[in-house]
Amino acid sequence: MPEKSLILTGFMGSGKSSVGVVLAKRLGSDFIDLDAEIVRAAGRSINEIFADEGEAVFRSMESGMLKNVLAAGCANVVATGGGAVISPENRSLMRTYGIIINLNVSIEQVMLRIRGCCDRPLLAVDDASERARTLINQREQFYADADIRIDTDGKSVEDVAAEILCRLKELAA
Ligand code: S3P
């Protein structure tokens with residue numbers, strides 16, 4: 001069994017992709033962004049996939065891609081999309097193949113970090129903050145089920161990556 005991948009979970013705007021890039025660099029690993037892989041494979045943006053085919057089809061693409069990436073057996077740093085934790089199959093795959101690192105973020109920070117972005121179809125509603133609150137509440141139990149959980153509010157990407165590295169050392173000790 002190869003070394004486990006480091007799998008970043010967390011709500012939209014929690015910094016999974018930015019932290020993942022820094023973490024992978026510090027570890028000399030490859031970085032895989034699940035959403036970017038889905039976009040590449042589908043030849044369409046996340047917005048287009050949601051608009052053309054709906055969330056259910058996106059979720060099935062997401063599960064397929066997660067399986068491909070994790071079962072490939074190479075230990076990597078993997079940033080998942082914020083909703084990847086919803087599926088029990090995805091959660092079980094992540095447990096089998098990875099060390100799960102959750103980036104915890106408050107609604108206030110989410111709203112600040114995604115301000116001006118229009119690539120999150122689930123938050124493209126009038127009351128995005130209320131929608132974010134509902135989704136975070138629904139997903140909290142899944143985000144909490146992680147090997148390492150880091151509060152990211154007010155921290156830089158570098159700070160969060162450094163904290164993860166410390167916690168990984170503790171985990172390995
Ligand atoms: C989603 C999060 C997005 C993307 C899609 C759905 C979600 O990824 O997968 O828009 O359900 O939380 P990020 O968390 O990288 O923004």
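The values are calculated or read from the model by the stated rules, or taken from the named source; none is laboratory data. Being a predicted model, the structure only gives us computed values, none of them experimental. Note that we place each Cβ from the backbone using ideal geometry, even for glycine, and neighbour counts take in every protein chain shown. Calculation scope for accessible area: heavy atoms of the full protein, side chains included, ligands and nucleic acids excluded. Shrake-Rupley method; radii C 1.70, N 1.55, O 1.52, S 1.80 Å.
A few points about this structure:
- Per-peptide packing, taken as the mean over residues of other Cβ atoms within 10 Å, places 39-49, 81-91 in the sequence 81-91, 39-49 from highest down.
- Kirkwood-type radius of the range 75-123, with distances r between different C-alpha atoms, in Å: 12.9
- Shape of the chain, Cα gyration tensor, a/c cut at 1.5: oblate
- Summarising the amide proton neighbourhood of D33: residues at separation of 5 or more, or on other chains, whose placed amide H is nearer than 5 Å comprise A79.
- Amide H contacts under 5 Å for D119, placed H, 5+ residues apart: none
- When the Cα positions of A128, G82, Y97 are compared along the charge dipole of the range 58-140, Y97 comes out farthest toward the positive end, with charges on each C-beta of Lys, Arg, Asp and Glu.
- Assigned charges on the beta-carbon of Lys, Arg, Asp, Glu; the chain dipole about Cα centre (debye): 380
- Viscosity 1.306 mPa s, temperature 10 °C, Stokes-Einstein D of the range 81-173 from Kirkwood C-alpha radius, µm²/s: 108
- At R0 = 35 Å, FRET efficiency that the Cβ-Cβ distance of D153 and S60 yields, to 0.05: 0.60
- Added length on full extension, which subtracts the Cα-Cα distance from 0.36 nm per residue, S129 to C74: 16.1 nm
- Of the whole protein surface, E170 contributes about 120 Å² of accessible area at a 1.4 Å probe radius.
- Multiplying the residue separation of E3 and A51 by 0.36 nm and subtracting their alpha-carbon distance yields 13.5 nm.
- Largest GNM mean-square fluctuation among T134, T152, T96, using the chain with Cα springs under 10 Å: T134.
- In the chain, taking the dipole from charged Cβ atoms about the Cα centre, the farthest positive-side position among Q138, G15, I150 is held by I150.
- Take the Cα of A41, step 7 Å toward its Cβ, do the same at E108, and the gap between the two points is 3.9 nm.
- Point-charge dipole on Cβ atoms (K/R +1, D/E -1) for the range 86-146, about Cα centre, debye to 20: 160
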